[in-house]
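To keep things clear, I will list the structure first and then write my remarks on it.
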Amino acid sequence: MTSDASPVEKSALASFLRARRAALTPQAVGLPVDANRRVRGLRREEVARLAGISAEYYRRLEQGSGHQMSLQVCNSLARALRLDRAGMAYLQRLALPDSEARYEVHQGEEPPPDLVEMITHWDHTAAYIIDRNQDILVVNDLIRAVAPGYVEVGNNLALMQFEAPPELRELPSWLDGARTTVSRVRYYGNPSDARWQQIIALLLEDDDFRRMWREHEALPLTSGVAPNYFPAHGWVEMKWQILEAHAGLYTVVCYGIPGSVGERALVELRAALLDGTAQLPTPGASTPTSNSRLAQYRGSGRRGLGEDGDRGDGEHPRATD
């Protein structure tokens, strides 16, 4: 396995710089087009010139042989690579690790009681709370009914995303959701965090994940569309939106566009829950992907590995974004 695919890369900064350089074209940065050009993306010398730094210094950055740099150089590189605000923040986190408290993963902490109370009492909105590692910490009844056996406390969104069977992976919304999942695991991941290492090590066995991981996209949580299955409607695309109500914790709200099949399916499900005709899943409920490779890690949450390597029997999950 190459260093690009390693759970704890030799240098995430080097990998990110290489990926972003490869993704740029000369036209995008105002350089003349050469019909005989064989280099994918920009050359190292071109990035260095655009950033106003020496080619040798930039070469060392991409090789991971030390990356001490000033904020000024970091910002110059961000401009040269045409990074947006999120990309610049991610680059600064990699290049200037001591400049701020970088990671707020709530290991062993309980979410604020008021936030938990709000989510669990929302009977009209399907919602749940995750941390930076994409572990599910809090769920309400409606989201459990939307994704029975999947969206449960202790499950992990990234692992669930890549549990999807082949027929689901053919949907454009799954591909978009998978790319979003990989980019946010990159953006928020702390390579020194044991839980993050466990998640990435498992996912690197998946061909789709490995391909996306090498692209080194890094984006924060925002919004998107994901397929969810409703017996009366089949696979229905639901929208999701992220609300950061507490540092390091993210509330995921799932809803249907007004007038859409998704809205109708959600309204019908809520009514069925209220009148008792729909039941919530029991712990350990079977799902269409119960026999998948990753299903054995359901419910392992942030407990980590035991001395014998066991992660626990777990309960349930599914890729809702």
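Does Ala95 fit the bill of being of a type in the set (A, V, I, L, M), at pLDDT below 90 and out of contact with any helix residue (DSSP H, G or I) (no Cβ under 7 Å at 6 or more places or on another chain)? For Ala95, the condition - of a type in the set (A, V, I, L, M), at pLDDT below 90 and out of contact with any helix residue (DSSP H, G or I) (no Cβ under 7 Å at 6 or more places or on another chain) - is not met.
Quick grid of which residues meet (1) in contact with a Cys (Cβ under 8 Å, 6 or more places away or on another chain); (2) assigned to a loop (DSSP other than H, G, I, E, B); (3) more than 14 Å from Ile143 (Cα to Cα); (4) outside the structural domain of Val153 (by TED's automatic domain parsing):
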{"position": "Tyr250", "(1), (2), (3), (4)": "no, no, yes, no"}
{"position": "Cys254", "(1), (2), (3), (4)": "no, no, no, no"}
{"position": "Pro258", "(1), (2), (3), (4)": "no, yes, yes, no"}
{"position": "Ala271", "(1), (2), (3), (4)": "no, no, no, no"}
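The single residue among Leu202, Leu171, Leu175 that is crowded, with 18+ Cβ neighbours inside 10 Å and not hydroxyl-bearing (Ser, Thr, Tyr) turns out to be Leu202.
Across segment 235-266, the qualifying residues are those that are of a type in the set (Gly, Ala, Ser), modelled with pLDDT of 90 or more and out of contact with any helix residue (DSSP H, G or I) (no Cβ under 6 Å at 6 or more places or on another chain), and the one among them that is nearest to Leu168 (Cα to Cα) is Gly262.
If you take the residues in segment 136-165 that are part of a helix (DSSP H, G or I) and small (Gly, Ala, Ser), which one is surrounded by the fewest Cβ atoms within 10 Å (Cβ to Cβ)? If we take residues in segment 136-165 being part of a helix (DSSP H, G or I) and small (Gly, Ala, Ser), then Ala145 is surrounded by the fewest Cβ atoms within 10 Å (Cβ to Cβ). Cβ separations smaller than 8 Å between residues 6+ apart or across chains give the following pairs from segment 166-184 residues that are touching a residue at least 12 places away in the same chain (Cβ under 8 Å) and in a helix (DSSP H, G or I) to residues that are of a type in the set (Val, Ile, Thr) and surrounded by 13 or more Cβ atoms within 10 Å (Cβ to Cβ): Ser173/Val225; Asp176/Val225; Gly177/Val225.
The values are calculated or read from the model by the stated rules, or taken from the named source; none is laboratory data. None of the values given here were measured: they were computed from a predicted structure. Methodologically, a virtual Cβ is constructed for each residue, glycine included, from the backbone with ideal geometry; neighbour enumeration extends over all protein chains shown.
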